1. What's the ranking of 187-194, 63-70 by average number of surrounding C-beta atoms within 10 Å, highest first?
2. Along the charge dipole of segment 371-513, which of 444, 476, 463 sits closest to the positive end, that is, farthest toward it, with unit charges on the beta carbon of Lys, Arg, Asp and Glu (+1, +1, -1, -1)?
3. Quick one: Karplus J couplings for segment 289-304, per residue in order, coefficients 6.51, -1.76, 1.60, θ = phi - 60°, nearest Hz, x for Gly and Pro?
4. R0 = 51 Å: FRET efficiency of residue 362 with residue 295, Cβ-based, nearest 0.05?
5. Which order do the peptides 310-320, 122-132 come out in when sorted by mean C-beta neighbours inside 10 angstrom, highest first?
6. Between residue 337 and residue 378, what FRET efficiency comes out of the Förster formula 1/(1 + (r/R0)^6) with R0 = 56 Å and r the beta carbon distance, rounded to 0.05?
7. Each label point is 7 Å from the Cα along the Cα-to-Cβ direction; what then is the distance between the points at residue 231 and residue 287, in nm?
8. What ³J(HN,Hα) values, in whole Hz, does the Karplus curve 6.51 cos²θ - 1.76 cosθ + 1.60 give for segment 78-93 when θ = phi - 60°, with x put for Gly and Pro?
Amino acid sequence: MSKSARDYRRQPFLHSEPLASFKDLFPAIQTRAYEENQRRVNVDKRLPEPPFHVFCFKKKILLTCLVSVAGLLSPMSGSIYFPAITAVVEEFGINGCVGLLTVTVHVVVHGIAPFLSTPLSERWGRRPILIAAMLVFSGANIGLVFVKNLAGFFLLRALQSLGAAPLPLIGAAIIGDMATTEESRTLTTLFSSVLLLSLLISPVIGGALTQWMGLHCMFWFLFALSAVVFILVIIILPETHRGIAGNGTIKLAKLRQPLFNILRQSSDTAFDADTNLAPANLSISSFIEPLRYLVNWQLVPSLLIGAVAFGIVATVVTTTAPLFQARYNLSILLSGLAYLPGAVGCSLGYFLTTYRVRSDYSIIEARYKRTHGIAEHVTMDASYLSRGFPIEHARFRSAWWITLIFIGTTSGYGFALQAPSIARALILQTFVTGNATAILLINGVYISDLYPGASVITIVNLVRFLMAGLMIGVIQKVFKLLETGLTFSILAGIMLFLSPIMILQWKYGPRLREKNHESSEDLADMLKPIV
């Protein structure tokens, strides 16, 4: 064997790097592969963030439309009934006070029902509770068609409200499950618009059906509409609770899937259940937890203002048909049409105030950033509330003149009812409903700023509906003692008496929050050695 061959065989071939021996054998050859192998390349192995929800936007729009139509059954069950109050009085041979009590029962149960439905939907999911609520609602309407005695009528009105109340709340929760922050504005606007539409058309439908086909036809209509929506929910709506379905990719049990997915497998649910996902546990505290807000001294004043405003507008709306039929000799059909100006005012109040609330917030936010040297691109989150951000200035910037208009038009509406012309009363009612909607929206947004979550919404609804039930229940007796002008002036006076609460919140709210935050931090520092 030649020397070159022996030297070749002695060359080391075992190296930690695969091309090292190649370099030793052929040092003159510099290959690109070797140079790239020698470099230390950092590879980003992180996976992209999963989407908030896998449903495409078109599917989200479809599901929002579905839950919106389901949700409109709730306000419709109340407003479709208003023109028919006198028909109920004649049907059962009762007086006007008892007739209004059939509204009071419906309103009170409407405020209590979310204490039951909200924890159940958080534990067992949106779909089964929505289906159960619609079954109760449909069954109550069938019962109202055939009921012959007053006690049964009251009971079925309560059951109707028990089934109707959860529908818009569950619909809003479904939108929250699947919508991103950018999408939620569009979907929420669509959802709210459909609910407002029901306030516009429901009294007209109720007046027309009662006038031409009798009292019970109204309940047939509600049953037929709810039956159609129920079938669509069974076919189309999947479970969206994020503790059960995740972001829409978790494989669901058959009962949680829409019928369409069972018959034709959907690509949205490709993975097995995640053991880390779990809905909220259910206990007695789940049902009574919202009641703790009733002893929150910072929240109670806002609850009271919203409750009084809601009670006043509910009284105005509920008594429209009986008062107009008595004073202006309107038929049931025409009294249903008389609700249109108020419904238009409510719709305008909602959309204009939504724009105004956003505008006011932007103005106060920009002013706060300039004052405290915060860059414009910085997003103001909830932590700034405890550092003195004046959320009261942002929310109440337009509230003072809206509240004054509401007080003035409420008082004027009562005196307009004593005039021979109906036009003045209709115009003032438009302002009453529009400004009441604005006050309630501002009040609700402010409360949600300070106490986000479903629990506070439950207690807000409870206080508002209980106040409305109280006012509606006693208003007919007050009418017998006082004229409408003085009666509604007293209601306006109550609102005027409570209005300084917003002034106090404007002046002292930011300071008190900052002080409470400092006290909490001091307490935490004291407890650190103990912990």
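1. In descending order of packing, they fall as 63-70, 187-194.
2. Farthest along the dipole direction, towards plus: 476.
3. 3J(HN,Hα) across segment 289-304, in whole Hz: 4, x, 5, 5, 5, 6, 10, 8, 5, 7, 8, 4, x, 5, 4, 5.
4. Computed FRET efficiency for residue 362 and residue 295: 0.90.
5. Top to bottom by mean Cβ count within 10 Å: 310-320, 122-132.
6. It comes out at approximately 0.65.
7. Reported label-point gap for residue 231 and residue 287 is 3.5 nm.
8. x, 6, 5, 7, 4, x, 9, 4, 5, 5, 5, 4, 6, 4, 9, x
The values are calculated or read from the model by the stated rules, or taken from the named source; none is laboratory data. These numbers come from a predicted model, not from an experiment. For neighbour counting, all protein chains shown are included, and Cβ atoms are generated from backbone atoms with ideal geometry for every residue, glycine included. What goes into the accessible areas is simple: the full protein's heavy atoms, side chains included, and nothing from ligands, DNA or RNA. Shrake-Rupley method; radii C 1.70, N 1.55, O 1.52, S 1.80 Å.
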